[in-house]
Each structure stands twice: as structure tokens, then as C-alpha cells.
Amino acid sequence: MNYAFEWGTILRAWPYLMQGLQTTLLLLVVGVVLGIALGTVLAICRMFGPRPLAALTTGYVNLFRSIPLILTIFWFYIMMPGVMRVLTGDPNLTVGPIYAALAALVLAEAAYFCEIVRAGIGSVRSGQMQACLSLGLTRWQALTNVILPQAFRNMTPSLLNQTIALLKDTSLVYVISMNDFLGAAVRIGQRDGRVVEVFIFVAVVYFVVCSAGTWLAGWLQKRLNPGKA
Amino acid sequence: MNYSWDWLIFLQPSITGEGAYGYLLLRGLLWTLAISSLSWVLAVAIAAAVGIARTLDFVVLRFLAATYVNIFRNIPLLVQLFLWYFVVPELLPTAWGTAIKRMDPLLNQYFTVVVGLTLYTAAKASEHIRSGIESVSAGQKQAGRSLGLTTAQSYRYVILPQAMRIVIPPMTSDFLNVFKNSSVALTIGLLELAGATYQLSEFSAQPFEFFAAATLIYMMITYTVILLMRAVERCTRIAGSLGAAS
Amino acid sequence: MKNGDDMIEIKNVSKWYGDFKVLDDCSAVVSKGEVVVVCGPSGSGKSTLMKTVNGLEPVQQGEIRVADTVVTDRKTRLTALRSRVGMVFQHFELFPHLNVLDNLVLAQTKVLKRPLAEARERAMLLLRRVDMEAFSEKFPGNLSGGQQQRVAVARSLAMDPMVMLFDEPTSALDPEMVGEVLEVMMQLAREGMTMIVVTHEMGFARKVSNRVIFMDRGRIVEDCPKDDFFERRDERSERARDFLDKILQH
Ligand SMILES: Nc1ncnc2c1ncn2[C@@H]1O[C@H](COP(=O)(O)OP(=O)(O)OP(=O)(O)O)[C@@H](O)[C@H]1O
Ligand SMILES: [Mg+2]
């Protein structure tokens, strides 16, 4: 190995990388917040909704879970401008790739979050619902006051793990040439002819953040089920 | 929107002169299958070894296995792929690096994706194998040992057959993930199904037909795999146990 | 004190889990053909003591010998020893993925290297002895607890053990099934098998055992002939009397 490292390149790239990191964080935060919200709605529709609605959500979840996220991102990337032009009535509207990326991430991740919420609700013993109903609560009251709070407690580790998966997934917006953390790194690395240093740096940053999250999820899991080693 | 659908586009020759659009899409599908099947087989082998290593009483082995899993699980696949493709050849001895760069580019891309995808998937899958093994009760392990079985024998005849049943569903979703994740190949220029779809939709100016076709193909394969694995699960179900019923 | 008649010798054994002392200087001798019942409150270390005898659990201090094998010697090949020391568990621990016959055949072919035909023959013979031959093709999950436990006893016997260890073999069973398992154990005892039995079935202890060991907080508090244990209550320690009172009340 006779590669001459030049780590100073990271410092020079710093402002540019930080901009990329901001984009990544924006994708992450919006993806998690809206993803969990939509995922919860989907889970409730699927478990408690009338049959046609339940079937529809099942179809939605299966669709998004069976195609690669990259394909979803492409879908929105080519569809978004057309759709937005129709919606706004402005035929010359330009729509940045960020909207396509956000829409793809939120809608696809909601399908994964839905499965987690469903498992979380399923983990609450069925006696709880029966107890609520026998106390005279409605199903909705039971759900919001008793079932969901317990469910969310049980599924915090899974939600955190999915959040880390989402963070890793955000890097895929590279395929529509966005300047997220990875995209910025690729560009700056190629400009300076220093992809080696830049990629290693990016890998280390992702590793540190994701490991911390994984560790935290494991710790929460242990705290929730002290019985299991 | 006045998009004019043209489903016959698949039969028309591509503007690149390489053959019909449908044929090019199919070629993408074949790459997807070639990448995911090889990566899957290799990943299962590595995952089994790593997962078992993490349950043994051999501290060094356990530590090494855990380190591998933590590193490969916590870096995005795309970043790993770029490391293998752009960084590793630079860091290898010069002769090796040049040898890699002189390889047929398509083979180079193919093997790079397989390496990246295999190691990424194996790290995750090994966790499933480990928890499958751990879910076999301590009593079963003691029963095996108290009959005089060696460690290898108890894994072979008592623990793994029981763990396997538990491991099949998560391994199915691991396979589906490999299948979907193989789409990262397009980022280093290997046009598998998703990449081909995107490229052809630009060439033909009929994007929606291609995207719809690709979506259907992905869904069909996913369902085939799920149905297959359900059948496998039924075959491996243990008589009288409720666990595998759902 | 190596006497030709000793089958198991436990000498000053102590064991810790971290800071917690599970076994505290335990000593006992079991002669050939003897049936020893071990009882004591939950958590007193009975299971742990049994598991040290076939080397499932290591000990930090003391020595354990079974026949001519020093279990606590690091050089001992434990697999060979374990195949000759049968163990029956509270939760049966039949292998759920194998049918009854294969549960009995597995270790015979893998450990003792018996030919398959011979192993099957031996298995069927033992299943007949525990009155389970009609179930040889069934899977454990389809059997009642009592039936599973009888199969588990047969599985151990198939290895031609010198000694049998029973760890609460009936406490996971419905009451009406306890009798059928105890019956199998009594028959074994009559045939001269050396047995250590952890159980709270005092009827069994009275009828079958030679000695009773009472454990409390990791110590062997009582070790005496069964008649002394049950009849001379006033000579027993306070802990043992409390325990007996509680158990015999039911
Ligand atoms: N692997 C372990 N690690 C730490 N402590 C343990 C372990 N196994 C057992 N113990 C502790 O050792 C003590 C003795 O356990 P043991 O299972 O031998 O009790 P026992 O007399 O068989 O009780 P029971 O009647 O409930 O079966 C208990 O306090 C238990 O909590
Ligand atoms: Mg016990």
C-alpha cells in the first residue's frame, strides 16, 4: 500500500460537507416524524379499520415494502414535477429533487413504521382491550389511552432501530444527484481528487452515529425486558 | 397531464441499437438476480459462521465476530459499496490495485457489488442466526450435553435444527432485502433492474411504462419468494408446537 | 476414602455465581444402588448441585467423583462421563424436532456410536419398559407431560447410565400424571439403579429412598437415613422442620 493520505483535504471540504450533513438531517427528521405519524395511522387503519380500508392499507404497505427504495425515489423524481404542475396549475414550475426525496422517504418509511406499530399494538395483551371495553371505554378511547401508550413504550427500541435504518437509507438520495452528506462527499472528493480520505471520513461519521443509535436501542431493549439477557 | 401511454414500447428497438427495450429491461432483471442470488448464498454461509461464533464460549472469536457485525451493520450500504469500489483498490498493494482496474469493468462492478452486499447482509443476518440460537432454551442445551453430545454435535443435532425454524422468517426478509438492495449496483454503473429502468425511461421518453413494469416485476418476485418460504416453513414446522402456527 | 461401593463422592464443593455463593462447602457420598432424595426450599442450590455432578456446571472449589472419574479434573473428558450419567429435567427437554424414537436414538448413535439398528432396538426395549412403545413415531409436542417425562427417562436409560439424576421430574406435571412417572422411577430403584432425586414428593422419599439430603442456602443441612429424617423430627434442624411442616401440610 503506497497511498499518500492527505487528511487536510477534509478540513478544506468541511463547509461543503456540513451543508450535506444538514440536508441529511433534514431528510432524517422529516422522514422520522412524518413516517411515524403516517405509519401509526396506517397501522390503526389496518388493524381496526373497516375491511376495505384495511385491505387498502395492506396493499399500500406491501407495495412499498416490495420495491427498492431507489426505485421509489426514482418514481417520485420523475413524477413530482408533473404532479406539482398539475396541482399548482403552473406549467413552468420547477421542483427541486428534495421534494421527491422527502416524499419517497416518508411514504416508503411509513410502510416500515406501520409494521412496527402493528407489532407494538399486537404486543399489548389482548386482555387490556377487553378490560377497557368492560369498563365502558370505546375502542378509540381504549386505543389512545391504554393500548397505544403501552405499545409505543414496547416499540421504542424498534422505532429507534428503524430510525437508524432510515438514516442509512437517506444516503440513497445520491441517485438523484442530491447533495446530502454522501453526495457532498462524492462531489468534493472528486473535485479534489481525494475520494479515499473523504469516503473514509464519511464512513467513520456514519459508523459513529449509527453505532451510538444501535447501542442505545439495545440498552432500551434490555431495560424494557430485563428478563432476557 | 397529457401523457400518451404506449405499452408497445417494450417491443421497439432501443435508440442505442442494443436490441428491444423489453430485452434491455430483462437484462437488468438478470443482473439483479445474478447479484442477489450469489450475495445471498455467500451471506448465509458467513452469517451462519458469525452467528454461531457469537454464541460460543470462546471469547476471542466472539469479540471478532461482534466487531465485524458492528462495523458492517452501522455504515450505509452505499458508503460501503463506495469504499470497496473507490477506496480499497487504492489501499491494496499497487500490483493488486492495477489488476483490479484492468479487470473487465462489468465483472469488476459485479464482484464489487457482490462483496459489498454480501458483507453488509451477512452482518445483519448473523444477528438473526444468533438470536435464533439463543432462543433455544438453556434446558435443551443442557439436555444435549448431559447425554454426552459434544458442542459440535449439540449444535448439529439439537440446537441448529430448532433454531432454523425460528430463523426462516427473518432470513426471508433478509433475502428480500438483498434483492432490493442489489439496486445500489447502479451507482457504480452496473445497470440492474432499477438502473436499467431509469436509463430506458430516459432513452424512450416513456418513463411510466418502464417504472410500472419494474414495480410489477419486483412485486412478483417478492411474492414468489414469500410463498416459497411459507412452504418451507410449513415443512419445517415441529409437530405439536404452536410457535410456528401463525 | 475410596471405597469400592461409592458411586458418587462430593467433597467440600463450593460454587459462586459472581459474588453469590450457590453451593457452600457441600459434601456427600452416594453408594452403588442407593437412592438419595434431595429437598429444600426454592433457590437453595439443589439443581445446581445436580448439574455439578455431571459437569454441566463447573465448581470453583472441591472435588466431585463419579465411579472412577474425577468430574472436577480439567482433563476429564466430560462428554464420555455425561453419557454414563443420566439426567432427567423438570421440563423434560425432549428434542421437539425429533420424534420419540429419534430422541432415544440420537445420542446412542452419535456418542456411543452404536449401529442404527441396535440403537433402535434398544430404544424400543426401553420405550416398552416405560410403556411408551406405542408412541415411538409421535413428536414430543403431541404427548402429555407424563408421557414426555417417561420418554425422557427412557432416553437417559438408553445410554446405559451408571447413575441417574432427576431434577424435580414431576413438579411440572398435572397431579394425575405424577404417579405414572414415579412408578417408572420406583421400578428403576428396585432394579438397583443409583439415583439422586430432587423432589418434593415426600411419599416417594418415604417409600423408595435410602437417604434424604436437605439443602438450605447452598449448604447441605441434613444428610440422614430417611427414617431418621421423617420419624425423628425433634433431631432435625429448625429449617428442615419448617420445611417439612410446610410440605406435609398439603
Ligand atoms: N446461571 C446463574 N447465574 C446466577 N445465579 C444463578 C444461576 N443459576 C442459578 N442461580 C441462582 O442460584 C441459586 C440456586 O439455584 P438452583 O436452581 O440450584 O436452586 P434450586 O434449589 O434448584 O431451586 P428450585 O427449587 O427453584 O429449582 C438461586 O438463587 C438462583 O437464583
Ligand atoms: Mg431447581
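Numbers at a glance
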item: Modelled FRET efficiency - R0 41 Å, C:ALA117 with B:ALA45, Cβ distances, 0.05 increments; result: 0.70
item: Theoretical gain in end-to-end length, B:ASP6 to B:LEU30 [0.36 nm per residue, Cα-Cα removed]; result: 6.2 nm
item: Helix axis angle, C:238-249 relative to chain C longest principal axis, alpha carbon, degrees; result: 50 degrees
item: Highest to lowest packing among A:171-181, B:58-68, scored as the average C-beta count within 10 Å; result: A:171-181, B:58-68
item: Pair C:ALA80, A:GLN130: separation of 7 Å Cα→Cβ label points (nm); result: 5.7 nm
item: Ordering of A:83-91, C:41-49 by packing [mean C-beta count within 10 Å, highest first]; result: C:41-49, A:83-91
item: Förster radius 45 Å - calculated FRET efficiency between A:LEU224 and C:ASP160, Cβ distance, rounded to 0.05; result: 0.40
item: Approximate spin-label separation B:LEU227-B:ALA66, in nm, with each point projected 7 Å along Cα-to-Cβ; result: 4.4 nm
item: Acute angle (nearest 10 degrees) that the helix B:21-53 long axis makes with the longest principal axis of chain B, alpha-carbon atoms; result: 20 degrees
item: Full-extension gain in nm, C:GLU238 to C:SER171, via 0.36 nm per residue minus C-alpha separation; result: 21.6 nm
item: Listed residues A:ALA101, A:ALA203, A:ALA217, most fluctuating in chain A (Gaussian network, C-alpha, under 10 Å); result: A:ALA203
item: Among C:ASN12, C:ASN103, C:ASN54: highest mean-square fluctuation, GNM of chain C, C-alpha pairs under 10 Å; result: C:ASN12
item: Aspartates and glutamates whose Cα lies under 12 Å from that of B:LYS141, excluding same-chain neighbours fewer than 8 positions away; result: C:GLU93
item: Rounded Å value of the spacing that divides the Cα centres of the range C:13-46 and the range C:174-250; result: 14 Å
item: Candidate lysines - alpha carbon under 29 Å from C:LYS226, same-chain residues fewer than 8 apart omitted; result: C:LYS2, C:LYS11, C:LYS15, C:LYS21, C:LYS32, C:LYS46, C:LYS51, C:LYS207, C:LYS246
item: Fewest-first sequence of C:LYS226, C:LYS75 by Cβ atoms within 10 Å of each Cβ; result: C:LYS75, C:LYS226
item: Per-residue average of Cβ from other chains inside 10 Å of B:186-195; result: 3
item: Residues of the range B:183-224 with amide N under 16 Å of the 7 Å Cα→Cβ point at B:SER37; result: B:193, B:221-222, B:224
item: Alpha-carbon centroids, the range A:2-48 and the range B:40-89: separation in whole Å; result: 24 Å
item: Inter-centroid distance (Cα atoms) of the range B:147-178 relative to the range A:80-141, Å; result: 36 Å
item: Average other protein chain Cβ within 10 Å of Cβ, residues C:95-103; result: 5
item: Highest-fluctuation residue, B:GLN80, B:GLN206, B:GLN142 considered, GNM on chain B with Cα pairs under 10 Å; result: B:GLN142
item: Over the protein assembly as shown, equivalent-ellipsoid semi-axes from the Cα gyration tensor in Å; result: 61, 29, 25
item: Degrees separating the helix C:116-129 axis from the principal Cα axis of chain C, which is the longest one; result: 60 degrees
item: Separation in nanometres of the label points that stand 7 Å from Cα toward Cβ, at B:ALA205 and A:ALA54; result: 4.9 nm
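Where a number appears in this text, it was derived from the coordinates with a stated rule and is not lab data. What you are looking at is a predicted structure, and each value in this text was computed from that prediction instead of being measured. Counting neighbours? That spans all protein chains shown, and the Cβs are built from the backbone with ideal geometry, glycine included.
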